[in-house]
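Peer 1: Here it is, the structure in full.
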Protein chains: 2
Amino acid sequence: MQQLIVVKIGGNIIDDEKQLNAFLESFVAIDGHKILVHGGGKIATEIGKKLGIEAKYVNGRRITDAATIDLVTMVYAGSINKKIVASLQALNCNAIGLTGADANLMPANKRPVKDIDYGFVGDVKSGQINTKILKTFLENDLAPVFAPLTHDGGGSMLNTNADTIAQELAKSMAALMDVQLVYCFEKKGVLSDPSNDGSVINEMNEQLFFGLKGKGIISEGMIPKLENAFAAIGKGVKKVIIGHAADFDKLIAGTEGTSII
Amino acid sequence: MQQLIVVKIGGNIIDDEKQLNAFLESFVAIDGHKILVHGGGKIATEIGKKLGIEAKYVNGRRITDAATIDLVTMVYAGSINKKIVASLQALNCNAIGLTGADANLMPANKRPVKDIDYGFVGDVKSGQINTKILKTFLENDLAPVFAPLTHDGGGSMLNTNADTIAQELAKSMAALMDVQLVYCFEKKGVLSDPSNDGSVINEMNEQLFFGLKGKGIISEGMIPKLENAFAAIGKGVKKVIIGHAADFDKLIAGTEGTSII
């Protein structure tokens, strides 16, 4: 089967032009098929403030109201996505910027209202990802660059977590290709001691995860990331790697970061 | 040869949700391959004002400085493009939003500084449009939706007139398909009497154009539109139609608007 690497980068890299450019150079250097998924970054909050759109929370959970979905669509699919696409093109990588609405790549359901109305937040319809057209793009040597947005099929864009988008893409493409999923974040990997950046766990399985979670060693922010990783492995993704974007080539080589197996 | 219709809509339609939706319904109703090119609209100016980015002019010509290219990239490729794509998806049209940077579809040169430095404005490299990938998109039943943006291949997005983008797409695709180009604007067609909206000229050739231009009957805004139209015809486009978006199906049927032959 053909190889595919799905990489997710977060706001911390996007906000730092030097880091972003260094990452993009190492991304371009990977041979073969690749997909990049990017998160948001501070720019949405900054532009939101200037436009008088403030971040809204209910019970500590962020809400995407109508003004906010317009804001993040503009910033994620416009500013951030096209900046990355143009930069990749400058590195001779034939990037194509996409959201879940484009080519109906990732239909989603607007999250149902239970205790909280999250607003325009999308839960991906996992079985309906347009893998056929994605494969066509890859076979035409395009490198898809995804903004963290889906759509409801009724004309509304929806806000969807970039980790989730990366996981859903990796899982669905695993039926067609040998897929590796790489989560880049601000740490060098999953740490056995949260206060010691050198304590990276090189390899982690589900048993070890439950053990560390039980002991409270794995921090709150890391739990959904690892759950995403194990969900991907459970659906046929060959390998998930978690680490720092600055180590990207070493993450791929397996000499840095945490490999989830 | 396969048929292709390239349609350009301007800001006046984009700014009016009811008109836009009516147009999109008639766009979806066309059989066969189609590409939509959209212009800007008031929203860029409105958001620019709130962000403190004012429209800049030198000798009466609009300048795209660094803040303005970031603004229009955000609004054109983010807000407007994704609104249209999501709306088309809701009408079961498999739209894909694009700029000239995506898939390196439309490389351009930053306009050289002569009397005026236009800033981040792109002149399309006509011979380098990625028609191969566009044809692949069309043959996979995708409907490309273009924002009026190109790129310089060096990492910068560039502002490019939507009429020009539509003309360049039509001309380059004419080598592969039978292409019709439709310019929708705020009038019912080219008028023989600018003060009388009923005086639409049904058919126009270059000779008639030069005659009317010489007599000052064709207004200033219409001249570049018609020059674009004749440039397209000269490069193999079968037909160019100019008229009102509300008459879209009649423009295609040839019962309304001005046909350029």
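Peer 1: Pairs under 6 Å by beta carbon, first residue within 16 Å of B:Leu88 (Cα to Cα) and of a type outside the set (S, T, N, Q) in segment B:121-149, partner at pLDDT 95 or above and in a helix (DSSP H, G or I), six or more apart or different chains?
Peer 2: From residues that are within 16 Å of B:Leu88 (Cα to Cα) and of a type outside the set (S, T, N, Q), the pairs are B:Leu142/A:Ala103; B:Pro144/B:Phe137; B:Val145/B:Ile84; B:Val145/B:Val85; B:Phe146/B:Ile165; B:Ala147/B:Tyr76; B:Ala147/B:Ala77; B:Ala147/B:Asn81.
Peer 1: Here is a further query. Which of (1) free of Cβ contacts under 8 Å to residues at least 24 places away in the same chain; (2) more than 12 Å from every other protein chain (Cβ to nearest Cβ); (3) within 22 Å of A:Asp163 (Cβ to Cβ) is the odd one out, the single condition A:Lys18 does not satisfy?
Peer 2: (3)
Peer 1: When you scan segment B:130-154, how many residues do you find that are more than 9 Å from chain A (Cβ to nearest Cβ) and of a type outside the set (D, E, K, R)?
Peer 2: Qualifying residue count for the region: 8.
Peer 1: I've got another one for you. Looking at A:Ile43, A:Ile9, which one is in contact with a helix residue (DSSP H, G or I) (Cβ under 9 Å, 6 or more places away or on another chain) and either within 12 Å of chain B (Cβ to nearest Cβ) or acidic (Asp, Glu) (or both)?
Peer 2: Numbers: A:Ile9 fails: either within 12 Å of chain B (Cβ to nearest Cβ) or acidic (Asp, Glu) (or both).
Testing whether each residue is in contact with a helix residue (DSSP H, G or I) (Cβ under 9 Å, 6 or more places away or on another chain) and either within 12 Å of chain B (Cβ to nearest Cβ) or acidic (Asp, Glu) (or both) leaves just A:Ile43.
Peer 1: Is there any pair linking a residue in segment B:94-118 that is touching a residue at least 24 places away in the same chain (Cβ under 8 Å) to one that is part of a strand (DSSP E or B) and among the hydroxyl-bearing types (Ser, Thr, Tyr), with Cβ under 6 Å and at least six apart or on different chains, and which?
Peer 2: B:Gly100/B:Thr150; B:Met106/B:Thr150; B:Ala108/B:Thr150
Peer 1: Same structure again: Looking at this structure, is B:Ser87 within 14 Å of B:Thr45 (Cβ to Cβ), within 14 Å of chain A (Cβ to nearest Cβ) and modelled with pLDDT of 95 or more?
Peer 2: no
Peer 1: Can you name every residue in segment B:119-129 that is buried (at least 20 other Cβ atoms within 10 Å of the Cβ) and either touching a strand residue (DSSP E or B) at 6+ places or on another chain (Cβ under 6 Å) or within 12 Å of chain A (Cβ to nearest Cβ) (or both)?
Peer 2: Initial filter on segment B:119-129 (buried (at least 20 other Cβ atoms within 10 Å of the Cβ)): B:119-122, B:124, B:129.
Across segment B:119-129, the qualifying residues are B:Gly119, B:Phe120, B:Val121, B:Gly122, B:Val124.
Peer 1: Here's something else I'd like to know. If a residue must be exposed (fewer than 12 other Cβ atoms within 10 Å of the Cβ) and not in a loop (DSSP other than H, G, I, E, B), how many such residues does segment A:212-236 contain?
Peer 2: The total comes to 2.
Peer 1: Here is a follow-up. Would you point out the residue of segment B:58-80, among those that are touching a strand residue (DSSP E or B) at 6+ places or on another chain (Cβ under 9 Å) and hydroxyl-bearing (Ser, Thr, Tyr), that is nearest to the other protein chains (Cβ to nearest Cβ)?
Peer 2: B:Thr73
Peer 1: Does segment A:155-162 contain any residue that is within 14 Å of chain B (Cβ to nearest Cβ), touching a residue at least 40 places away in the same chain (Cβ under 8 Å), surrounded by fewer than 22 Cβ atoms within 10 Å (Cβ to Cβ) and out of contact with any helix residue (DSSP H, G or I) (no Cβ under 6 Å at 6 or more places or on another chain)?
Peer 2: If we filter segment A:155-162 for residues that are within 14 Å of chain B (Cβ to nearest Cβ), which is where we start, we get A:155-160.
Imposing the further condition that a residue be touching a residue at least 40 places away in the same chain (Cβ under 8 Å) reduces the set to A:156-160.
Then drop every residue that is not surrounded by fewer than 22 Cβ atoms within 10 Å (Cβ to Cβ), which leaves A:156.
In the following step, the residues that additionally are out of contact with any helix residue (DSSP H, G or I) (no Cβ under 6 Å at 6 or more places or on another chain) were identified as A:156.
Yes, some residue in segment A:155-162 is within 14 Å of chain B (Cβ to nearest Cβ), touching a residue at least 40 places away in the same chain (Cβ under 8 Å), surrounded by fewer than 22 Cβ atoms within 10 Å (Cβ to Cβ) and out of contact with any helix residue (DSSP H, G or I) (no Cβ under 6 Å at 6 or more places or on another chain).
Peer 1: Shifting gears a bit: Quick check, is B:Ile47 touching a residue at least 24 places away in the same chain (Cβ under 8 Å) and in contact with a His (Cβ under 9 Å, 6 or more places away or on another chain)?
Peer 2: Working: touching a residue at least 24 places away in the same chain (Cβ under 8 Å): yes; in contact with a His (Cβ under 9 Å, 6 or more places away or on another chain): no.
The answer is no for B:Ile47.
Peer 1: Just the residues that are farther than 30 Å from A:Gly127 by Cβ, outside any strand (DSSP E or B) and in contact (Cβ under 8 Å) with a residue 40 or more places away in the chain, please, taken from segment A:176-211.
Peer 2: Let us first name the residues in segment A:176-211 that are farther than 30 Å from A:Gly127 by Cβ, namely A:186-189, A:191-203, A:208, A:211.
After this cut, where a residue has to be outside any strand (DSSP E or B) as well, the list is A:186-189, A:192-199, A:201-202, A:208, A:211.
A:Glu186, A:Lys187, A:Lys188, A:Gly189, A:Ile201, A:Asn202, listed by residue number.
The values are calculated or read from the model by the stated rules, or taken from the named source; none is laboratory data. Since this is a predicted model, take the numbers as computed values, not measurements. Note: ideal-geometry Cβ built from the backbone for every residue, glycine included; neighbour counts use all protein chains shown.
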